[in-house]
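As structure tokens, the structure follows; a few thoughts come after it.
Read-outs: derived from the displayed coordinates by stated rules, not from any lab. Quick caveat: nothing in here was measured; it's all calculated off a predicted structure. Reconstructed Cβ throughout: ideal geometry from the backbone, glycine too, with neighbour counts over all protein chains shown.
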Amino acid sequence: MENQNEKGNKPFYRDQKPRGSEDDGGLKFNFMWVLLLLGVIIVLFNLPLFQHHTEDISIDQLTQMLMDNEVKGVEIVGGREGYVYLTDSALKLPKYEELSKNRILSTVNGGPHYVFTVASNDKFEDFYNNFYKEHPDKKHILKNYREAKDYNGLIGWVVVIGLSFLFWMFMLRRMGGGGVGGPGGNIFNIGRSKAILFDKDDKIKITFDDVAGLDEAKEEVQEIVSFLKNPKKYTTLGGKIPKGALLIGPPGTGKTLIAKAMAGEAQVPFFSISGSDFVEMFVGVGASRVRDLFRQAREKAPCIIFIDEIDAIGRARGKTLVQGNDERESTLNQLLVEMDGFSGEKGVIMIAATNRPDVLDQALLRPGRFDRQISIDRPDLKGREQIFKVHLKSIKTSKDVDPLKLASQTPGFVGADIANICNEAALIAARKEKSEVEFEDFNDAIDRVIGGLEKKNKIIQPDEKKIIAYHEAGHALCGWFLEFAHPLVKVSIVPRGVAALGYAQYLPKEKYLETTEEMKDRMCMTMGGRAAERVVFDRISTGAMSDLDVVTKMAYAAIAYYGMNEKVGNISFYDMVNNSAFSKPYSDETAKMIDEEARKLIDEQYVRAQALLREKRNLLDILANELLTKEVIFKDDLERLLGKRPFDKQESPEESTPSTATPDGI
């Protein structure tokens, strides 16, 4: 039975708390207190203080007590033990004073005061009769027989079973965050959906105005929202509402933000849930939660269901050598049935987001389930400018802060990165006790995000610093005099981050295709740092590790993916490599050929970079000395020292923008 809220017509979800919770002042039951109380009781009853202590005596001692008229009665229990009860006069004797000190819970006068062991009732009866034959004056002593009633074993079993039951109930309530099955914290609610419901009465402040740089994606989802608001506009022409839309893009590009904006704009019930919320340790729970989610959605139709990170349950079935997860697959099967089972007239639309579309099951991607796949790529220059404008609204900036300039310095950055930069700039300005955030603070924030925290106290030896300066100067010089290389906007030898002793920021065009000549020039520029070390010092250092990683990936991509090598030919192994995790999709002979051609391509560009630097050796020394003096140089300094770049053309900011700046490996 569902928990009802105060209005009596809405079930509780994760964002709502039932009566009796801490927020409304009611008492909150906790199994931990029950476990603690039982533990204390068990410990107390096992302490010597709370146990009945009766001293053991022998038959000879009992005989002496009978002779001294100190025994009031004897009781045989279960034919195994005999209890001795002393007379009141005997208890007053000095030799029995210790009884009162050792007996806490039992009354001294009540007894039993001593215990002895008997073999059986018959043998004790023989002893008793023989004793009275010899001492007829002692016949007033009472004797009694009774069966033993030992409750200790039964109580122990009850305690163990009770503690086990309470422990498992406590663990089940803890699973799933606040209770099994989500609402109510009851084990019988384990199959309930964990989706958060945003109903019409809930005010979500995020709208499409807060989503910048994603114009095409906004058009797609705005059409879905429009259909939900005014379905007759489309149905009169014979159109049908899409059953689902899949948002695909790298992390941080705004997939979840678009879903939140849809919730703010649609004015219809909006169910939000993560793919991992369907997964549970119990078999069948995932499928049950899928059924419950769609049941609630049909009741609230027209509505939207949003599943974030759907790849947690939507991975392709049967593509790996290891045995599949039956629970995850059953959840996926139920999701496929539900998506294809409800009718479009109900007005239930499912939106999902993922950054791993390649691992999704093909049955999930077919029309009729996800009719639309909306690609959300990294924003271009104009998109980044719009995103900066959105985030700068909440920051007090100076007049020199230009969103277009900031966008030109952050190529490849996604919305999450830009939001982080704006926040870092505000923190840096506050640290410097400024009244407003200046452009310089944004530059520092970009450096902070790209290269990491500046290591002001890091001590670098003069000879190492000289190597770093020539290394970075080699990159800059090659980028300046190679036509298709990315010229540097900024070069720094200030240590940053964990292992970066220098980094560079480039200024390429934003383009989607790259020729063989352009790729070779970029490889030559990347090898310029190590080439400079060889030309100047006639030795190399470990600082080129990241450069070597970059050129190696570029070389193998050119040969094995893009077919840019005459010997290997116009062949691409891209999809085959990605889909074959345990073996290469080509022969050993082809693998050897690819390795040889990749090494040959890298060596050619390394030799080419050395030749260029030897030709420009005087400019290399000038640039390195400038770096040693100033530590950071910009494009204006490069033009002053090296002259205007030979291949530069007059371009508007919309036509060129810096590439992603990355820390140098040195």
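Given K509/K567; K205/K389; K218/K396; K218/K399; K233/K389; K520/K567, which pairs have Cα atoms separated by over 23 Å?
Long pairs (Cα-Cα over 23 Å): K509/K567; K218/K396; K218/K399; K233/K389.
Once the Cβ-Cβ distance between D209 and L365 is put in as r, and R0 is 25 Å, what FRET efficiency do you end up with, to the nearest 0.05?
0.20
Which of M350, M576 has the fewest other C-beta atoms within 10 Å, and how do the rest follow up to the most?
With the fewest neighbours first, M350, M576 line up as M576, M350.
By count of other Cβ within 10 Å, fewest leading, how are Y606, Y512 ordered?
Fewest to most other Cβ atoms nearby, the residues stand as Y512, Y606.
Give the order of D402, D358, D292, D463 when sorted by the count of other beta carbons within 10 angstrom, beginning with the fewest.
In order of increasing Cβ crowding within 10 Å: D463, D358, D402, D292.
Rounded, prolate or oblate: which one fits the stretch 231-299, using the alpha carbon gyration tensor with axes a ≥ b ≥ c (rounded when a/c is under 1.5, else prolate when a/b beats b/c, else oblate)?
oblate
I'd like to compare 539-549, 300-310: which one has the highest average count of other Cβ atoms within 10 Å, and what's the full order after that?
Descending mean neighbour count gives 300-310, 539-549.
Give me log10 I(q)/I(0) at q = 0.30, 0.31 Å⁻¹ for the stretch 195-252, Debye formula, one equal scatterer per alpha-carbon, no solvent.
Each listed q maps to, in turn, -1.24, -1.24.
Once you put a point 7 Å from the Cα of I540 and another 7 Å from the Cα of E223, both along the Cβ direction, what distance in nm separates them?
5.3
Tabulate in residue order the Karplus-calculated ³J(HN,Hα) for the stretch 228-237, using 6.51 cos²θ - 1.76 cosθ + 1.60 with θ = phi - 60°, rounded to whole Hz; enter x for Gly and Pro.
With the stated coefficients, the stretch 228-237 comes to 5, 6, 9, x, 5, 4, 9, 5, 5, 9 Hz.
Between rounded, prolate and oblate, where does the stretch 431-546 land on the alpha carbon gyration tensor, with a ≥ b ≥ c its root eigenvalues, rounded for a/c under 1.5, else prolate if a/b exceeds b/c?
Cα axes put the stretch 431-546 in the oblate bin.
Quick one: if you stick a label point 7 Å off each Cα along the C-beta vector at T256 and L453, how many nm between them?
2.5
Can you tell me how much longer the chain between L628 and T117 gets when fully stretched, taken as 0.36 nm per residue apart minus their C-alpha distance, in nm with one decimal?
Once the chain is fully extended between L628 and T117, it gains 174.1 nm.
Report the charge-dipole magnitude of the stretch 374-425 in Debye, nearest 20, computed about the Cα centre from +1 at each Lys and Arg Cβ and -1 at each Asp and Glu Cβ.
Value, rounded to 20: 200 debye.
Dipole of the stretch 352-396 (Lys/Arg Cβ +1, Asp/Glu Cβ -1, origin at the Cα centre): which of P379, P357, P367 lies farthest to the positive side?
About the Cα centre, the residue reaching furthest to the positive side is P379.
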